[in-house]
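Asker: Supplied in structure tokens, the structure appears directly below.
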Amino acid sequence: MPVSSAVPLLRVRELGVTHDGESVPAPASVSFDVAAGEVVLLLGPSGSGKSTLTLALNGLLPQAVPANVAGSVEVDGLDTQTTPVAELSTRVGMVFQDPDAQLVTGTLLDEVAFGPENLRMPVAEVLAGAEEALRRVGLWERRCENPDRLSGGGRQRLAIACALAMGSPLLVLDEPTANLDPAGIEEVYAALAELVSAGDRAIVLVEHNLDAAVGFVDRVVVLDHDGFLVADGSVDDVLRHRAEDLHAMGVWLPVSTIAALRLRRAGFALDPLPLTPDELRDALDAEAPPAGFGGSHHRSLSERGTSETTHPHPGTPSLSERGTSETKRAAPGADAGHPLITVRDLTLRRGRTEVLHRIDLDVARGSFVAVVGANGAGKTSLIQALAGVVSPPKGSVHVDGLDVGRADARTLSSRIGFVFQNPEHQFIAHTVFDEIAHGLRRQHLSDDEVRARTVALLERFGLAAKADSHPFLLSGGQKRRLSVGTALVAGAPVLVLDEPTFGQDRARADELLSLLSELNAEGTTIIVVTHDMQLVTDYADRTVVMADGSVLAEGTTAEIFADDELIARAGLRPPPLRRALQGVRRHPELAGIARLGDLPGAPAAARSELLASDAEPRRSARVTPTPAKTAESGPDATAVAHAATIPQAPAPHATGGAA
């Protein structure tokens, strides 16, 4: 394990955490140091204990959440198991997966000032620090607004500002950019880079968006499925040299690295592995085509007229043969002349603010539609109106002929299933089993059929071990999977999901997206809101671009992302693969490819490189996944967040939970 010559700001030694009611620790045994000035990325599959580890860094675990903790954690020389959370909050700033869990006041300015005020800092110092933090995340002009008026990404920025204002030498960020648009992600990482550039602070980061983070981090610490540390080294040592092992474990990699792994199977050397679009493009331009590659079978997409059924490589099946959502365009059930969803002159207000402005939109039956746009563009408001979560004006939204503005909740749920950005907003039962079974019981199925179908779904989503747990005691990733399951079980012809892959490791995201693709192939209409442009390109056949509460553009995904000016106006960025390949000179047959599934070397059985079966990587004994342990465990974020945001308060009562 690399050891910095500087005195460590953080020392973790043989840390193992076993939550109440659990028999297996996660993490199991982890040791590493973090020195001031370092940015350390913590990677690992679901269940490895990443979020649990972060909560042990500021004493919330075990002081606020009951657990058996082995080993030790020291921050700035203080033992986190015995030092009060109030004192540790001056050393460790936390940003949780769910920003709502740590927002407690009525205005943005009050929220950012709340922590420093509780430390009894001088008023002038509090206000100056709050202004600086809000300016860093682009929220100073909205300082007098209520946090509830912010979008999910806006609340995420606010949570980051709250942590920055505390001035703690160690900043712990658990997926800080999950709800941010591409421009917002760049701004946040630029602010964080400036923060650590002075060398007196350190950052521990849990992040799935490695395309954004890879240029920001110094070191990578990796946990395996069993919660043991399996790698601790530089970005090059871990992400380049152990990429296939990490891929086998089911963790995220940069898109360019995933593409390179696929291209290697097509005969490209690509050694060392690229981590960024620029590196992938440069590596391809420096390399001669593999033997047998090129020629008439390998025309560029522009030469093919962007046909998505042409074989991109000998032996690689077309998209229609691979059974992707593109085949839905020609499917008998897809009738563009009679849209399943119609939106006409939709205007929606939240309080006194008009958030949607006279929207017209059609969604064809059997389509896979992505809704994209910058934070605050109105994406979530639109899909909530489509599903009746927020009642639209009568006559403005129809789903399969049903006026959403007039329909009751029971009727709506039979036509359209909705998955919230925050899963807790839709849980109603006291156990995970009953949460799934509720929708089946409403269909008047027999008890035996309800049990069989519920058990099958829980097993498919890796939640069988949590069947008797309360939904609020699951981890963020488990809650997301459960919320999707509750929407799927009713069998509605339309499924709408807000940020479906938030909080998921790569293997679980693959599983979910593959399931959505299967449902789409069977005729279910899928609508997703996401900031992941590669996900949009890989899965959606149509894309709706929103800006300032209006539809800026709507069309096929290929058409939308071919318009660089449109993407820039919407505050978005092209997908990483398109950024890498659109400028390739030496291999024109690759130019224009934007989807991982279109790359040469694509496996016949998979529609995305992100499937676990997509490679046959080298697997060490420690890296081999453990099927017996698929469920995560860790604390409930809402309970622990309030312990972190009130530094002078005593620790709250135990809540238990999972992370």
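The values are calculated or read from the model by the stated rules, or taken from the named source; none is laboratory data. Quantities reported herein were computed from a predicted structural model and do not represent experimental measurements. Heads up, the Cβs are rebuilt from the backbone with ideal geometry, glycines too, and the neighbour counts pull from every protein chain shown. All accessible areas refer to the heavy atoms of the entire protein, side chains included, with ligands and DNA or RNA removed. Shrake-Rupley method; radii C 1.70, N 1.55, O 1.52, S 1.80 Å.
Asker: Scanning for something out of contact with any helix residue (DSSP H, G or I) (no Cβ under 7 Å at 6 or more places or on another chain), open to solvent by 40 Å² or more (accessible area, probe 1.4 Å) and modelled with pLDDT of 95 or more, does segment 401-412 turn up at least one residue?
Answerer: Scanning segment 401-412 turns up at least one residue that is out of contact with any helix residue (DSSP H, G or I) (no Cβ under 7 Å at 6 or more places or on another chain), open to solvent by 40 Å² or more (accessible area, probe 1.4 Å) and modelled with pLDDT of 95 or more.
Asker: Let me ask something additional. What's the total number of residues in segment 354-367 that are under 28 Å from Ser517 (Cβ atoms) and either touching a Cys at 6+ places or on another chain (Cβ under 9 Å) or crowded, with 20+ Cβ neighbours inside 10 Å (or both)?
Answerer: Looking only at that region, the number is 6.
Asker: For the subset of segment 224-249 comprising residues that are acidic (Asp, Glu) and under 29 Å from His19 (Cβ atoms), which member is surrounded by the fewest Cβ atoms within 10 Å (Cβ to Cβ)?
Answerer: Asp232
Asker: Search segment 192-214 for residues being aliphatic (A, V, I, L, M) and open to solvent by 10 Å² or more (accessible area, probe 1.4 Å), and hand back the single one that is farthest from Leu9 (Cα to Cα).
Answerer: In this case the residue turns out to be Ala212.
Asker: What about Thr486, is it of a type outside the set (Lys, Arg), part of a helix (DSSP H, G or I), open to solvent by less than 10 Å² (accessible area, probe 1.4 Å) and in contact with an Asp or Glu (Cβ under 9 Å, 6 or more places away or on another chain)?
Answerer: Judged against the criteria, Thr486 is not a match.
Asker: Within the group Gly77, Gly106, Gly59, which residue is free of Cβ contacts under 8 Å to residues at least 24 places away in the same chain, farther than 19 Å from Ser475 by Cβ and not acidic (Asp, Glu)? I'd like the intermediate steps shown before the answer.
Answerer: Values: Gly106 fails: free of Cβ contacts under 8 Å to residues at least 24 places away in the same chain; Gly59 fails: free of Cβ contacts under 8 Å to residues at least 24 places away in the same chain.
Answer to the selection: Gly77.
Asker: For segment 535-555, state whether one or more residues are within 20 Å of Ile258 (Cβ to Cβ), surrounded by fewer than 23 Cβ atoms within 10 Å (Cβ to Cβ) and either in contact (Cβ under 8 Å) with a residue 60 or more places away in the chain or under 21 Å from the mean Cα position of the chain (by Cα) (or both).
Answerer: Within segment 535-555, one or more residues are within 20 Å of Ile258 (Cβ to Cβ), surrounded by fewer than 23 Cβ atoms within 10 Å (Cβ to Cβ) and either in contact (Cβ under 8 Å) with a residue 60 or more places away in the chain or under 21 Å from the mean Cα position of the chain (by Cα) (or both).
Asker: Further question: Could you check segment 73-103 and list, in sequence order, the residues that are charged (D, E, K, R) and surrounded by fewer than 24 Cβ atoms within 10 Å (Cβ to Cβ)?
Answerer: Glu74, Asp76, Asp79, Glu87, Arg91, Asp100
To keep it simple, each residue is scored yes or no on (1) over 27 Å from Thr501 (Cα atoms); (2) touching a His at 6+ places or on another chain (Cβ under 8 Å).
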residue: Arg11; (1), (2): yes, no
residue: Gly16; (1), (2): yes, no
residue: Asp20; (1), (2): yes, no
residue: Pro25; (1), (2): no, no
residue: Val34; (1), (2): yes, no
residue: Gly49; (1), (2): no, no
residue: Ala56; (1), (2): no, no
residue: Val65; (1), (2): no, yes
residue: Asp79; (1), (2): yes, no
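Asker: Among what's in segment 458-476 and is part of a loop (DSSP other than H, G, I, E, B) and not acidic (Asp, Glu), pick the residue that is farthest from Pro99 (Cα to Cα).
Answerer: Taking the candidates together, the pick is Ala467.
Asker: In addition: Does Ala130 satisfy being in a helix (DSSP H, G or I), farther than 29 Å from Ser234 by Cα, over 27 Å from the mean Cα position of the chain (by Cα) and at pLDDT 95 or above? Working first, answer last.
Answerer: Working: in a helix (DSSP H, G or I): yes; farther than 29 Å from Ser234 by Cα: yes; over 27 Å from the mean Cα position of the chain (by Cα): yes; at pLDDT 95 or above: yes.
Answer is yes for this residue.
Asker: On to the next question. Check Ala385, Ala407, Ala377 and return the single one that is in a loop (DSSP other than H, G, I, E, B) and in contact with a Leu (Cβ under 9 Å, 6 or more places away or on another chain).
Answerer: Values: Ala385 fails: in a loop (DSSP other than H, G, I, E, B); Ala407 fails: in contact with a Leu (Cβ under 9 Å, 6 or more places away or on another chain).
Just one listed residue meets the conditions, Ala377.
Asker: Can you tell me which residue is surrounded by the most Cβ atoms within 10 Å (Cβ to Cβ) among those in segment 344-353 that are more than 28 Å from the chain's Cα centre (by Cα) and modelled with pLDDT of 95 or more?
Answerer: Out of the qualifying residues, it is Leu346.
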